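The values are calculated or read from the model by the stated rules, or taken from the named source; none is laboratory data. The shown structure was predicted, so the numbers you read here are calculated from the model rather than taken from an experiment. Positions of Cβ are generated from backbone atoms using ideal geometry, with glycine treated the same way; all protein chains shown enter the neighbour counts.
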Amino acid sequence: MSMKAIVKSVLSGDSLLLRGRPGPQGSPPKERILYLADLSAPRVGTQNRDDEPWGFESREFLRTLAVGKEISFTSIHQLPANDDVSRDLGNAEIGGVDLATELLRNGWAKTKELKRDPTEEDQKRKELETEAKNAGKGVWNPHGPEARTVNYTMPTDSQAFINEWKGKSIDAIVEQVRDGSTVRVRLLMPDGEHQFANITLAGVRSPRTSSKPGEPSEQWADEAKFFTESRLLQRAVRVQLMSLPAPAATPFQASASATPPAPASVFIGTVLHPAGNVAEHLVANGLARVVDWHAGMLASGGAMERLRTAEKTAKEKRAYLYANSPQTAAASKENGGGPVNGSARTYNATVTRVWSGDQLSVVPKEGGKERRIQLSSTRAPKTSEPKQAYYAAEAKEFLRKKLIGKNVKVHVDYIRPKEGEYDERECATVRYGGQNVNVAEQLIEKGLATATRHRRDDEDRSSDYDKLMAAEQAAVADARGVHSGKEQPAPKQPINISDSATRATGYLNGFKRLGRIPGVVDYVASGSRFKILIPKDNQSLTLVLGGIRAPRTARNKDEKSEPFGPESAEFATRRYMQRDVEIEIDTADKSGGFIGALYLNKTENAAVALVREGLASVHAYSAEGLSWAKHLTDAESEAKENKRNMWSNYDPEEEKAAEEPEAQPDEAQPLKAEYLDVIISDVRTRNGFGFSVQVLNTEGIASLEKLMHEFSLHHRSALAASNFVPKGGDLVSAKFSDGSWYRAKIRRSSPLKKEAEVTFIDYGNQDTVGFKDIRPLDPKFRSLPGQAQDARLSFIKLPEPNSEYHQEAIDRFRALCEGRKLVANVDHREGPLLHLRLIDTSDTTAADDPLACINADLLREGVATLDRKGCKYMSAYPNVVKKLHEAIAGAKRDRLGMFEFGDIEDDES
């Protein structure tokens, strides 16, 4: 009786492995071996024996003729089963063509010696064999088979083999299917060699079949194996080798061991049949899952995209492995999903801050609060890990340069739930530029981050996950960044040059000479206070914007912000945070902060921008000498006119009314000329520059001389008062460092230290004196007022103590004034303090120029500047001020004193 089956494979030129039709749900059918009766063909070799002559060619003839086709066969004799596989001796035909006849006609088999009388059919076969023999066909070829080497084991140097053949197309025959995604192929090498190789299909993994007796296979393994067998076994295919089965990339791994690796047991590659890539069909039918880390190998040509499409098809059909797959997650991803936390899933935004190599903050264009997001499926190096710190800083800087202040397109892929100390976080794909470049892909490609390894069933991943994996494989291949194996030292912390006024002062003049200095805004403390990084010198400093005052923000929960303080800080943060800027230093404050200007894009002055938005006001005094003062006042006028922010309740009439009573303050009136003959009795440099004078040619000076004579005699015989504790404000007798006693006034007393700070009222000197050298002042010495008067220079001030020109200025003042009889004009009285214009009558220029004075001389020599803040009466002396300006111009022109490097004085900058 004739039976039908499908030829599964050909064992040799006279033996076939048959199978029936597949069972329910694609379950494997039963198999049987058919030996063609009365034929003998050479056997194909194995790892343990060589090919018999013409064995491979004989098998190939029958393989090409029969594999995969339906066969009709009759069993003449049934042989004992082998491993539950039936074995038959018989005849077979395909499409009416007898296989034995075709084999004999083409010389690929021989007839066996019969132990029975030959039949008519036997005679025909013998005739066909004779014809083939006479024609030299097949095994009868007199030249013999072509010599070839057959390597049944994997190449010894697996890496070298991959390097030679990676990406090249090689003809092959699939000799065995081990499971749905692993095959054994015979590579038909161009030089005629046959190289056996185990290939795992790139991009997919099928359930594993058991390799040990009694061990169960994974679910659906047999179905997957049958699926591949029925399509590839003993089919001619094209193989492309791609990689060794290396583990997933591990950043910061040590350099490779010098010991050569053992030969690989399998290669990763594609096996292409003329009908297509079986890997895609396996996935589409739910018999394999996509292997994420193969994405890099399949990036070109869209192979990974086709696998993902196939995966989606299998999930929709809920086929086999995807029977329990949650459809909602995939559908949600495909359709863009609904809102996230009440906001759109996809939106345009501006990047306002980069927190790390994989986290940043954005503000949606349509309004709304700032949103902090994590780059989907991306993991940047950690600053807390010493080996990663360098690359963590590089990753953050890469994102800052690419994205800060830029418009981006954000697509929220998933929400990472709160876990332990980590808050809930939106994980998104961020694209920028005209090409919609995925910044995470760029980061990973440069080796500055890695792609997250998700669980197989984890749908929460980047919409470009395969591209991220491909980017990582490219970085690994080129040993970039974290994959280089090189240990880079952690970045050094920037030097904070604003940690003290002393340190800041040392940098001040150098900064002023440099003009505009490139930097990066590292932190915004308030609307007008910034922390600036200077990458070139690895320095950081505090910058306070000059010429304006921004409302203060609360520094802790117990403080309260000034009105519009938070708004001002938020504006500055969004506008300048982490931006590349230029700063210009004008001066330094007492806490080590630098006062100056900040420019964005070379033209935008941050102070002007804040004032224009009504988030800062002009500080009239500090703005007066700034070159952009008019821009500040114009910006403030604009803000007031438009009633922006802090000017929302602005009333110009109220402001005008408030200013009228102060239109002509008393201090703006000049004093009547009052010339005094004086000598400088003391010069003080502690707590700022000052001096004392004694007015000559008065009764007081004559009386003082007499008093001092009596005072000296008195203290030769006077006894020290026991247990005398002076108090602040007391008039006392105190011994000076020269050993003499003088009248003094207690400024401050310390019973604990048993000493007091005193001012000697007749000379102006100040000193600290022990209680043992202090006595109560006898009443008879109290009637004469103190003869020293505190004074300061009119119109000008000497450099601050932290200036390198301070001591030079003090020395010059002493040289011009001490030990000389001078004439002083009182320009202003500030309580007991006299503002004096000092004139040296021995100077010949003073006789010719009524405005000549030591004040102007100090300006002309570049050791003093105008003091507009301390001398509000300047406008009352226009001629004097003009003279002083001429002196300053001369100092600048000749590069004298503080102008030696072209510096601009504080009040003129």
Looking only at the range 372-407, and only at residues there that are of a type in the set (F, W, Y) and within 12 Å of S356 (Cα to Cα), the one that is surrounded by the fewest Cβ atoms within 10 Å (Cβ to Cβ): F398
Hey, K772 hits all of (1) under 29 Å from E818 (Cα atoms); (2) surrounded by fewer than 20 Cβ atoms within 10 Å (Cβ to Cβ) but one; which does it fall short on? (1)
Strands (runs of 3 or more DSSP E) wholly inside the range 119-221 containing at least 1 residues that are within 24 Å of V10 (Cα to Cα) and among the small types (G, A, S): 169-179, 194-201
Output the qualifying pairs, or none if there are none: Cβ atoms under 7 angstrom, residues six or more apart or on different chains, first residue in the range 584-600 and free of Cβ contacts under 8 Å to residues at least 40 places away in the same chain, second residue buried (at least 18 other Cβ atoms within 10 Å of the Cβ) and hydroxyl-bearing (S, T, Y). L600/Y576
Could you tell me which of the residues A135, A160 is touching a residue at least 12 places away in the same chain (Cβ under 8 Å), out of contact with any Asp or Glu (no Cβ under 7 Å at 6 or more places or on another chain) and either surrounded by fewer than 15 Cβ atoms within 10 Å (Cβ to Cβ) or not aliphatic (A, V, I, L, M) (or both)? A135
In the range 610-663, the residues that are of a type in the set (F, W, Y) and either surrounded by 17 or more Cβ atoms within 10 Å (Cβ to Cβ) or at pLDDT 90 or above (or both): W647
Verdict on D857 being in a strand (DSSP E or B), out of contact with any Gly (no Cβ under 6 Å at 6 or more places or on another chain) and closer than 13 Å to I796 by Cα: no
Check the range 831-845 and report whether any residue there is outside any loop (DSSP other than H, G, I, E, B), modelled with pLDDT under 85, out of contact with any strand residue (DSSP E or B) (no Cβ under 7 Å at 6 or more places or on another chain) and β-branched (V, I, T). yes
Please state which one of D767, D762, D738 is surrounded by fewer than 19 Cβ atoms within 10 Å (Cβ to Cβ) and in contact (Cβ under 8 Å) with a residue 24 or more places away in the chain. D767
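Okay, residues lined up against (1) in contact (Cβ under 8 Å) with a residue 24 or more places away in the chain; (2) exposed (fewer than 14 other Cβ atoms within 10 Å of the Cβ); (3) touching a Gly at 6+ places or on another chain (Cβ under 9 Å):
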position: R480; (1), (2), (3): yes, no, yes
position: E487; (1), (2), (3): yes, yes, no
position: P491; (1), (2), (3): yes, no, no
position: N496; (1), (2), (3): yes, no, yes
position: D499; (1), (2), (3): yes, no, yes
position: R503; (1), (2), (3): yes, no, yes
position: L508; (1), (2), (3): yes, no, no
position: V521; (1), (2), (3): yes, no, no
Which of the following residues is under 55 Å from the mean Cα position of the chain (by Cα) and within 25 Å of Q694 (Cα to Cα): C871, C817, C853? C871
Residue count, the range 100-118, condition under 13 Å from W140 (Cα atoms), assigned to a loop (DSSP other than H, G, I, E, B) and in contact (Cβ under 8 Å) with a residue 40 or more places away in the chain, comes to 3
Among the residues of the range 752-804, what is the count of those that are of a type outside the set (A, V, I, L, M), in a loop (DSSP other than H, G, I, E, B) and more than 59 Å from the chain's Cα centre (by Cα)? 11
Flag if I810 is closer than 15 Å to F691 by Cα, surrounded by 15 or more Cβ atoms within 10 Å (Cβ to Cβ), in contact with a Phe, Trp or Tyr (Cβ under 9 Å, 6 or more places away or on another chain) and without any contact (Cβ under 8 Å) to a residue 40 or more places away in the chain: no
Within the range 408-440, restricting attention to residues that are basic (K, R) and farther than 16 Å from V363 by Cα, which residue is surrounded by the most Cβ atoms within 10 Å (Cβ to Cβ)? R416
Go through the residues of the range 84-96 one by one and say whether even a single one is in the same structural domain as G136 (by TED's automatic domain parsing), acidic (D, E) and not in a loop (DSSP other than H, G, I, E, B). yes
Working only within the range 596-624, note down all residues that are closer than 20 Å to N642 by Cβ and part of a loop (DSSP other than H, G, I, E, B). E613, G614, L615, A616
Do we find a residue being in the same structural domain as L508 (by TED's automatic domain parsing), crowded, with 23+ Cβ neighbours inside 10 Å and in a strand (DSSP E or B) anywhere in the range 554-576? no
Reported set for the range 75-115 where residues are surrounded by 18 or more Cβ atoms within 10 Å (Cβ to Cβ) and of a type in the set (A, V, I, L, M, F, W, C) is A92, L99, A100, L103, L104, W108, A109
With respect to G269, is the statement that it is modelled with pLDDT of 90 or more, part of a loop (DSSP other than H, G, I, E, B) and either among the basic types (K, R) or assigned by TED's automatic domain parsing to the domain that holds G302 (or both) true? no
Filter pass, Y414 being of a type in the set (S, T, Y), closer than 19 Å to R480 by Cα and either assigned to a loop (DSSP other than H, G, I, E, B) or modelled with pLDDT of 90 or more (or both): no
Neighbours by Cβ (under 7 Å, 6+ apart or cross-chain): first from the range 2-21, touching a residue at least 12 places away in the same chain (Cβ under 8 Å); second part of a strand (DSSP E or B) and among the hydroxyl-bearing types (S, T, Y): S2/S72; S2/T74; K4/S72; D14/Y35; D14/S40; S15/Y35; L17/S9
For the range 354-406, name all the residues that are of a type in the set (A, V, I, L, M) and in a strand (DSSP E or B). V354, L360, V362, V363, I373, L375
Which ones in the range 442-456 are surrounded by fewer than 24 Cβ atoms within 10 Å (Cβ to Cβ) and touching a residue at least 24 places away in the same chain (Cβ under 8 Å)? Q442, E445, K446, T452, R453, H454, R456
Being of a type in the set (G, A, S) and either buried (at least 19 other Cβ atoms within 10 Å of the Cβ) or without any contact (Cβ under 8 Å) to a residue 60 or more places away in the chain (or both) is the filter here; which residues of the range 854-879 pass it? A856, G862, A864
Select from the range 44-66 the residues that are crowded, with 20+ Cβ neighbours inside 10 Å and touching a Leu at 6+ places or on another chain (Cβ under 9 Å) and write down the one among them that is nearest to G95 (Cα to Cα). A66
Is it the case, given these coordinates, that R455 is modelled with pLDDT under 90 and either of a type in the set (D, E, K, R) or in the same structural domain as D413 (by TED's automatic domain parsing) (or both)? yes
